[in-house]
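Please treat every number below as a calculation from the coordinates, not as lab data. Small disclaimer: the values here were computed from a predicted structure and weren't measured. Cβ atoms come from the backbone with ideal geometry, glycine included; neighbour counts cover every protein chain shown.
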Amino acid sequence: MRAKRKQQMLQFVAGLMCLPLLAQAQNDFEAFRRQQAQGVEQIKNDFSEYKEQQDREFAGFLKNQWGEFKTSAGKSRIKEPKPQQVPVAPSPDKAIAKPVVLAPAPATPPPLPPQAKPVTVAGDELDLVFYGNSVKLTFDPQWKSYRLKGGAKPETISNFWTQMSGSKYAASIQAINATRSKLKLDDWASVILWRDVARALQPQRETEQNLLLWFFLIKSGYDVRLGYYGADVFLFEAITQPVYSTKYTRVFKRTYYAALAKDHGNNIRAFYSYKSDYPLKLKPLDIQSADTNFTKAELFERKFVFNYEGKEIKFTVPYDRRLVEYMGSIPQSEFELYFDTDGSAAIRNSLLPALKKYTAKMGEEEAINFLLAFVQKAFAYKTDKEQFGYEKYFFVEESLYFPYNDCEDRAVIFSWLVRELLGVKVVGLLYPNHMTTAVELKGKHKGYVTIEHEGKQFAIADPTYIGAALGMAMPSYAKYKPKRVVDIK
């Protein structure tokens with residue numbers, strides 16, 4: 001008992017002796033925490049000073065280092081003219097064959113009502129609608145009143161940069177970044193959002209809009225270049241992927257496109273731009289695939305009627321008109337952009353089930369032939385030149401909106417349907433004036449027109465060759481190898 005009390009007494013004394021040590025440790029920790037906080041604050045101050053230094057340096061460049069640059073005409077992805085009318089495949093039994101009935105072109109739905117005009121909630125708060133989504137941000141009030149006085153020239157543009165870099169822009173950048181994260185926007189959608197902000201701040205003033213957008217995009221880390229000629233101010237954007245049917249220029253061995261210009265830069269010949277780069281590293285826009293799930297859907301319906309093996313098949317599906325509107329802003333790029341972009345939730349939940357109702361009861365090859373019949377016969381054909389006056393490639397959603405589509409558009413929607421409904425590998429095939437597809441075969445099939453790609457056999461499946469089944473190629477292409485095989489993810 002005495003031994004136990006003695007042990008407790010020793011523990012108590014030891015505890016008393018540790019109290020000063022504990023107090024000292026706590027004081028040391030508090031001092032360390034204050035030191036760390038001061039260190040973080042110092043890092044913030046140093047970084048802020050560094051950014052200010054970079055902006056001053058860039059403003060200095062803008063006063064003097066400018067040169068004249070020339071633009072080049074946009075490149076064409078398909079140079080050869082497409083056929084005005086698509087051929088009809090011969091029937092295996094002409095004696096009992098029924099005439100092929102093609103779908104008439106549907107009437108184009110009316111455009112969406114104008115988007116709600118941006119509302120200034122307070123003197124420095126903006127509330128705008130971005131494809132149905134409400135976006136709010138705080139802005140510096142001087143952005144609305146700024147005017148490029150004295151016209152477009154190095155000195156006035158340098159002064160604009162100095163004024164903007166000294167304004168309260170950090171909160172606006174943070175708000176747009178938060179919106180981008182929330183809506184899961186890709187690079188192009190983020191640029192269009194910033195464009196809408198600039199338009200809201202400076203309505204009807206294209207020069208000031210382009211100046212604001214230039215500043216916002218650079219501060220967001222994008223490689224964009226401002227140019228002027230006479231009174232006009234415009235932007236060129238660095239883009240990772242090639243862009244077609246859009247004027248471009250070369251600066252420091254980098255290609256910049258007039259992708260945001262209404263006329264794709266057709267009226268821009270030569271212009272003046274700064275010869276130096278922004279001091280901090282900037283990145284080009286990435287348009288490898290397009291985001292299809294950020295819009296608040298505005299639904300329209302498309303009615304489909306087509307014949308398959310003597311039976312008339314009808315159904316109606318909704319699609320997102322707002323998404324079609326957004327897709328119209330995306331610059332024309334490589335075929336992978338269109339093949340690899342998913343359909344929206346609206347058509348995933350409507351078009352796919354409507355077709356699966358039939359394909360679920362079929363074997364793989366029969367299902368492919370059914371989907372071929374759908375794309376061949378339920379869509380009216382017309383070349384882009386006839387429908388728009390210029391070349392335009394469709395995303396899946398756009399084929400449901402526009403009254404006509406042509407070969408590459410049909411290849412895109414057919415390949416998407418086959419992959420989603422059947423899980424079969426599909427590749428795109430580019431010929432001199434035609435785009436089609438081929439599907440991976442299981443085993444050999446006598447009489448099929450095939451190609452070999454990466455050690456695998458693919459059978460031609462042409463959604464533009466009316467009445468053609470799997471393995472049938474248009475006669476003019478049957479004996480030729482495609483110029484290019486497009487891998488589809």
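Observations on the model:
- For the chain, calculated [θ]222 nm from helices alone, where every DSSP H run of n ≥ 4 adds -39500 (n - 2.57): -12500 deg cm²/dmol
- Residue order, fewest to most surrounding Cβ atoms within 10 angstrom, among 445, 453, 264: 445, 453, 264
- Two-site label geometry, residue 309 and residue 267: point separation in nm, points 7 Å out along Cα→Cβ: 5.7 nm
- For the chain, the longest site-free run once GluC sites (Glu not before Pro) in DSSP loop states with at most 16 other Cβ atoms within 10 Å are removed: 1-308
- The angle between the Cα long axis of helix 407-422 and the main principal axis of the chain comes to about 80°, on a 0 to 90 degree scale.
- With the convex hull of the Cα atoms taken as the outline of region 130-210, the averaged projected area works out to 5.8 nm².
- Listed by chain and number, the aspartates and glutamates whose C-alpha is less than 12 Å from the C-alpha of residue 168, apart from same-chain residues fewer than 8 away, are 124, 140.
- Between helix 206-219 and the chain there is an angle of about 70 degrees, using the helix long axis and the longest principal axis of the Cα atoms.
- Across region 299-487, the fraction of Cα-Cα pairs farther apart than 20 Å, rounded to a whole number, is 52%.
- Contact order relative to length of the chain, as percent, for alpha carbon pairs under 8 angstrom and 6 or more apart: 16 percent
- Cα long-axis angle, helix 154-165 against the chain (0 to 90 degrees, to the nearest 10): 70 degrees
- Solvent-free Debye scattering, log10 I(q)/I(0), computed from the Cα coordinates of the chain at q = 0.05, 0.11 Å⁻¹: -0.30, -0.97
- Computed label-point distance, nm, for sites residue 360 and residue 484 using a 7 Å Cα→Cβ extension: 3.9 nm
- Counted residue by residue at 0.36 nm each, then reduced by the alpha carbon distance between them, the extension gain from residue 79 to residue 336 reaches 90.7 nm.
- Violating pairs (Cα-Cα greater than 29 angstrom) within the set 79/479; 357/425; 444/483; 382/483; 247/296; 70/184: 247/296; 70/184
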